[in-house]
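The values are calculated or read from the model by the stated rules, or taken from the named source; none is laboratory data. Predicted, not measured: the structure shown is a model, and the values here were computed from it. Positions of Cβ are generated from backbone atoms using ideal geometry, with glycine treated the same way; all protein chains shown enter the neighbour counts.
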There are 2 protein chains.
Amino acid sequence: MRVGVDAMGGDHAPGEIVKGVLEALPTLPEGVEVVLFGDQAQVEPLLSGDWQKRMTLVHCSQSIGMNESPVNALRQKRDSTIFQMAVRAGEGELDAVVSAGHTGAMVAACQMKMRLLEGVNRPGIAVVIPTFHGPVTICDVGAVVQCKPVNLHQFAQMATIYARRVLNIQKPRAALMSIGEEDAKGNELVKHARELMKSDPNLNFVGNAEGRDVFNGRLEVITCDGFVGNVILKLTEGLAEGLFKTIGREIAAESMELARQFEPVVRKIWSKHDYSEFGGAPLLGVDGICIICHGSSDHRAIKNAIRVAIEYANQNVNQRIIEELAQSAAGS
Amino acid sequence: MRVGVDAMGGDHAPGEIVKGVLEALPTLPEGVEVVLFGDQAQVEPLLSGDWQKRMTLVHCSQSIGMNESPVNALRQKRDSTIFQMAVRAGEGELDAVVSAGHTGAMVAACQMKMRLLEGVNRPGIAVVIPTFHGPVTICDVGAVVQCKPVNLHQFAQMATIYARRVLNIQKPRAALMSIGEEDAKGNELVKHARELMKSDPNLNFVGNAEGRDVFNGRLEVITCDGFVGNVILKLTEGLAEGLFKTIGREIAAESMELARQFEPVVRKIWSKHDYSEFGGAPLLGVDGICIICHGSSDHRAIKNAIRVAIEYANQNVNQRIIEELAQSAAGS
């Protein structure tokens, strides 16, 4: 198995990316190799040890900036790390690709070059949010902003398989994000998707979810369009960060001694909430393995993303997606 | 001025509602009266003091339950508190109505009986979320789940006027909820609404917002469709509650002494986050004043809702909405 990693993507590239890859190398199972894509002049000086045993470096003269238009960037930057990885994955030279770079460019490149799995209408990004009750997988969080009902149904199917196989949740409870539990609540998209999901025997469908259900332990999988999912994801990040900051400030104002005692507790809670533990979000539905990491990924997140890519392959997630979508199509 | 209050709506009705009203009575400005709608047998025993000086009680034999279909309930329960309040507001007997009951029924009844202000396409519920940087007004949070661009534009206009006049924010920064700051990001609805908002001289439009911007102090007004707004609102409630619980649990596990010291700090932060301080959400755009309170409202929330209704009237919010929408229509 060959895992491509984008050395140039993310807020802390290439330093943290290369560091994460070097940490991952000694832990790789037999037969797994890393192919690192990046600017040789910047990346090579960061490499150390006997990295050449398990890794090759592919020089790319370009990379895609966070604020570029994905369509233009992919058209013009043919030697960018993201484009090159997607091309090679499409040609079968890579089994998985990992990037903390431009999400839109990564989605577009993988969709274009790797194509979709049989039966998949649109791919969805599945983010695993750590909650007080365990991980909750939300799909989609930004790949498809305007969905059809079939997309929401397939996001639930694919995310359920991912949660089962990669997160080891036996029978993930799947819900449809809406604005009330009753059937009649929600918009037209949600009402139609609900009908599809209700009759799917492979789904452990628990009905509509509301915003508060993300954090109350009622479910493990949420499906929504990429617009709503993206708002949820960023709101969660912003609120959690803001709350911790406020609490820290209030405690420090109270007493520095109290703040000192409180610090290890905060660290413990943060670590339970740590995105990097879940190693990036898979783009479910592409014919291959595409792991999209948070822009602020550090070396641990990259190391974990590589682990997730390997697990994804070992657990035959894509084969299972093809089978369940075929069953679902035959049943309807 | 006559303010109608629904004694039967909300999780803690009629007890907390009546308590809140009784607390409000001595604080009412000259010329303001309360009209309390509810089941006489339940409400009258809760009344005390010389309430009859500033309040009348209107007996209603019905009330609308939280899980009823609003359309059916309004059709069948003509003697329900919500229907009766809306009818009297429509007839000019009440200047404002306040309820912590069924939001959907309240929106439908007020829209039907009070009608809309001149120029308003659809009304929007504007919730004020307390953040670490001050109050943020989000409109809509559930009245209109499928919006047209004009709705998002008008929600921003109306919420801006509300924030200026009732929350005393001089030049509220208004943003459009989307999934990235760039013009090209978002769905078709957002892209079209953005064009309308950009060219509106009455708006202090700061562009697109992302989920994280709700809590980072970048803005004071957010416009979005009722589906997205409702998800935001409930997610915020759920996450804040969950985080505080988790922190409390972790601290107690660390040391009970630390937990004891930490408690007043938590109480202080909670009070800054207290929804009841903002006294319910106005339904902006109806020809009258309609204040929708959280289902879990306690007496303070009801007292504050009455205060907000009075402030709304004193500040001529509706007159200002009519004027600005007319200006905007003339300019386009």
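Going through (1) surrounded by 23 or more Cβ atoms within 10 Å (Cβ to Cβ); (2) within 14 Å of another protein chain (Cβ to nearest Cβ); (3) not small (G, A, S) one by one, B:L189 falls short only on (1).
Pairing each residue of the stretch B:138-152 that is more than 17 Å from B:A175 (Cα to Cα) with any residue that is among the aromatic types (F, W, Y), provided the two are 6+ apart or on different chains, yields C-beta distances under 7 Å for B:V145/B:F227. A count restricted to the stretch B:120-142 and to residues that are within 13 Å of another protein chain (Cβ to nearest Cβ) and farther than 18 Å from B:T236 by Cβ stands at 0. All conditions in (1) touching a residue at least 12 places away in the same chain (Cβ under 8 Å); (2) more than 7 Å from chain B (Cβ to nearest Cβ); (3) surrounded by fewer than 20 Cβ atoms within 10 Å (Cβ to Cβ) hold for A:R249, with the sole exception of (1). Cβ separations smaller than 7 Å between residues 6+ apart or across chains give the following pairs from the stretch B:291-306 residues that are among the acidic types (D, E) to residues that are at pLDDT below 95: B:D298/B:S276. When A:L284 is tested against the conditions (1) modelled with pLDDT of 80 or more; (2) within 11 Å of another protein chain (Cβ to nearest Cβ), the lone failure is (2).
For the stretch B:141-153, filtering for residues that are more than 16 Å from the chain's Cα centre (by Cα) and crowded, with 24+ Cβ neighbours inside 10 Å leaves 4.
Among the residues of the stretch B:198-239, those identified as more than 23 Å from B:A143 (Cβ to Cβ), surrounded by fewer than 21 Cβ atoms within 10 Å (Cβ to Cβ) and facing chain A (nearest Cβ under 7 Å) are B:R212, B:N216. Here B:Q111, B:Q157 are screened, and the one residue that is touching a Ser or Thr at 6+ places or on another chain (Cβ under 7 Å), crowded, with 17+ Cβ neighbours inside 10 Å and at pLDDT 95 or above is B:Q157. Please work out if A:A163 is small (G, A, S) and in a helix (DSSP H, G or I). When the stated conditions are applied, A:A163 passes them. The single condition from (1) buried (at least 18 other Cβ atoms within 10 Å of the Cβ); (2) out of contact with any strand residue (DSSP E or B) (no Cβ under 8 Å at 6 or more places or on another chain) that A:V286 fails is (2). In the stretch A:176-185, how many residues are small (G, A, S) and closer than 11 Å to A:L152 by Cβ? So the answer is 1.
Which pairs have Cβ atoms under 6 Å, sit 6 or more apart or on different chains, and link a residue in the stretch B:32-49 that is among the hydroxyl-bearing types (S, T, Y) to one that is in a strand (DSSP E or B) and surrounded by fewer than 20 Cβ atoms within 10 Å (Cβ to Cβ)? Matching pairs, first to second residue: none at all. Of everything listed in (1) touching a residue at least 40 places away in the same chain (Cβ under 8 Å); (2) over 22 Å from B:R300 (Cα atoms), the single unmet condition for B:G92 is (1).
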